[in-house]
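*Asks:* This is the structure I want to talk about, given as structure tokens.
The values are calculated or read from the model by the stated rules, or taken from the named source; none is laboratory data. No experiment lies behind these values; they were computed from the predicted model shown. Note that we place each Cβ from the backbone using ideal geometry, even for glycine, and neighbour counts take in every protein chain shown. Quick note on the areas: whole protein, heavy atoms, side chains included, nothing else; ligands and nucleic acids left out. Shrake-Rupley method; radii C 1.70, N 1.55, O 1.52, S 1.80 Å.
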Amino acid sequence: MKKIPLILIILTFFGCNQKEKNLNLAKTDTKLTEKNETIFWIDTIANGKFLKIYSKPKNDWQNLTAEFGNKTKKHKIDLKTDEYEMLGIPFTNQIEWITEKSFALLNGCGTNCRYVLIFNTESKKPIVMPIEYYPEIKYADYKTDNPNLYIAVEQNNDNSLNLKIIETDSQKKEKVNLPKDWNRGSGQIYDIVDKIEIKNSKIKIVQYQENGIKKELNKLLTLK
């Protein structure tokens, strides 16, 4: 039986140890990769409150989860339910406006098909509802000195429209009935109303006629 040189035994020993270290390193890298598979659609903090919306592509890249809250409250909710899938998940990752307690996201299928998803740190579930006007809207003449207010529209029994002015955080609201003789075009809100302005708790709604006549509706808002 041939004798194995001592130097060969030493090299073999260190080689096996190094190979084992490399295997351990590979395992660590794999765990880190799996952990990083979480994709954040939204991860933001504003004025002591936070909102995170993320997915796990390993399970379902459209399976979105939302976590939101503040320093004292934290909520977690699955957004892939019948109640929220109407938003067309995956939806936009742009937050349209932020208030003291809320984050608001928009989605829709066109000018007359739009809804808002509001995450309020005081509520366990986000609010979903149709919307027409909101703070900083780009394609409508809507001005407000209260960035907490947005506006929805509903049909009346007499075929006229109601404006629902809603406060984002409290969900207090007030209805303003548009006169039936304002109806024109397709009967949609952007055919009927040309301008809305809210200032010092007063709302002014304007319609411009082709003959140069300006119709104006004014009301003091008392949201309840």
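*Asks:* I'd like to verify a number: residues in the stretch 127-142 that are open to solvent by 40 Å² or more (accessible area, probe 1.4 Å) and either without any contact (Cβ under 8 Å) to a residue 24 or more places away in the chain or over 13 Å from the mean Cα position of the chain (by Cα) (or both), how many?
*Replies:* Result for the stretch 127-142: 5.
*Asks:* When you go through 162, 218, 183, 177 one by one, which is the residue that is more than 22 Å from residue 130 (Cα to Cα) and not charged (D, E, K, R)?
*Replies:* 218
*Asks:* Okay, moving on. Answer with yes or no whether residue 40 is at pLDDT below 75, surrounded by 10 or more Cβ atoms within 10 Å (Cβ to Cβ) and aromatic (Phe, Trp, Tyr).
*Replies:* no
*Asks:* Pick from 101, 195, 172, 204: which is open to solvent by 40 Å² or more (accessible area, probe 1.4 Å) and assigned by the TED database to the domain that holds residue 68?
*Replies:* 101
*Asks:* Moving on. Could you please find all residues in the stretch 144-169 being within 26 Å of residue 105 (Cβ to Cβ), of a type outside the set (A, V, I, L, M) and either surrounded by 13 or more Cβ atoms within 10 Å (Cβ to Cβ) or under 19 Å from the mean Cα position of the chain (by Cα) (or both)?
*Replies:* 144, 146, 147, 148, 150, 162, 164, 167, 168, 169
*Asks:* Taking into account only those residues within the stretch 53-71 that are at negative phi and modelled with pLDDT of 95 or more, which is farthest from the chain's Cα centre (by Cα)?
*Replies:* Selected residue: 70.
*Asks:* Could you tell me whether any residue of the stretch 105-126 is of a type in the set (Gly, Ala, Ser), closer than 18 Å to residue 42 by Cα, surrounded by 15 or more Cβ atoms within 10 Å (Cβ to Cβ) and under 15 Å from the mean Cα position of the chain (by Cα)?
*Replies:* no
*Asks:* In addition: For the stretch 207-224, give me each residue that is outside any strand (DSSP E or B), open to solvent by 50 Å² or more (accessible area, probe 1.4 Å) and touching a residue at least 12 places away in the same chain (Cβ under 8 Å).
*Replies:* Correct list: 222, 224.
*Asks:* Restricting attention to the stretch 174-191, report how many residues are more than 25 Å from residue 126 (Cβ to Cβ), within 28 Å of the chain's Cα centre (by Cα) and not in a strand (DSSP E or B).
*Replies:* So the count comes out to 3.
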